[in-house]
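Notes for the one structure printed next.
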Amino acid sequence: MNPTQKQQIIVSGVGGQGVLFVTRLLAEASIARGLPVLTSETHGMAQRGGTVVSHLKVGDFSSPLIRPQQANGLLALKAENIAQFGGYLRPGAWIVANRAAAGAPAEARSATFCVDADGLSQQIDQPRSGNLIVLGFALAILPQISADPDGGFCTFADIKALLDVKLKNNPARLAASLQALEAGYRYRPPAGHEPGSQTV
């Protein structure tokens, strides 16, 4: 990421999906690059299945919260959250969503990229890895739609290296996490199911 470039990302899902883990990975990868980072969890996960959303700001910011119509992108670990948090997106923003059905959800008004993370997680026998599949898919897609070769915050290699360090004492979890990340990174939507071209 260009040091002068700012990125504001919303990560949303429900309790138990690993929203905070994904946010932490993106934050730590950016910090490792020497970039200033602010994060904020605005909905607690006191209850499994309850809505969780976190704000990630990379760059020179003074407040951790993202204001409406200011976010560069939304990582939706549950597609239903698009309607709830789409109002945070600026014109020209992107959405990467966990969605089994082909095509962008009707409520999505930004360029939307969908991956069946729940289905893929079952295929690789890692049923709780949907968050890393969505992240891996985002890391593959974003450089293609961004002027920045790292997609605006970090690369697949950055996250892989970070997982290697964080999980080095848990080889089984490390192997599962890397398998999920790579499954998302290598996923390509079926032909004819290109992302929506509308903007917010």
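Here, each number is a calculation from the coordinates, and none is a lab measurement. The shown structure was predicted, so the numbers you read here are calculated from the model rather than taken from an experiment. Positions of Cβ are generated from backbone atoms using ideal geometry, with glycine treated the same way; all protein chains shown enter the neighbour counts.
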- Listed highest first by mean packing, meaning other Cβ atoms within 10 Å per residue, what order do 6-14, 82-90 come in? 6-14, 82-90
- Check the straight Cα-Cα distances from LYS168 and name the lysines below 20 Å, setting aside those fewer than 8 residues away within the same chain. LYS160
- Could you work out the Kirkwood radius for region 7-186, taking every pair of different alpha carbons, averaging 1/r and inverting it, reported in Å? 16.1
- Of the peptides 117-124, 131-138, 93-100, how do they stack up when ordered by the mean number of other Cβ atoms within 10 Å, highest first? 131-138, 93-100, 117-124
- Mind giving me the nanometre distance, one decimal, between the label points for ALA161 and SER40, set 7 Å out from Cα along Cα→Cβ? 3.1
- Task: Going by C-beta contacts inside 10 Å, put PHE113, PHE21, PHE156 in order with the fewest on the left.
- Result: PHE21, PHE156, PHE113
- Note on the structure: Residue by residue through region 127-136, the couplings from Karplus 6.51 cos²θ - 1.76 cosθ + 1.60 with θ = phi - 60°, in Hz, x for Gly and Pro, are x, 9, 9, x, 4, 6, 5, 4, 5, x
- Residues with amide H under 5 Å of TRP94's amide H, sequence separation 5 or more or different chain, H placed in the peptide plane at 1.01 Å from N; which? GLY73, LEU74
- Query: Whole-Hz Karplus ³J(HN,Hα) for region 170-176, in order, using 6.51 cos²θ - 1.76 cosθ + 1.60 and θ = phi - 60°, x for Gly and Pro?
  - Reply: 9, x, 5, 5, 4, 4, 5
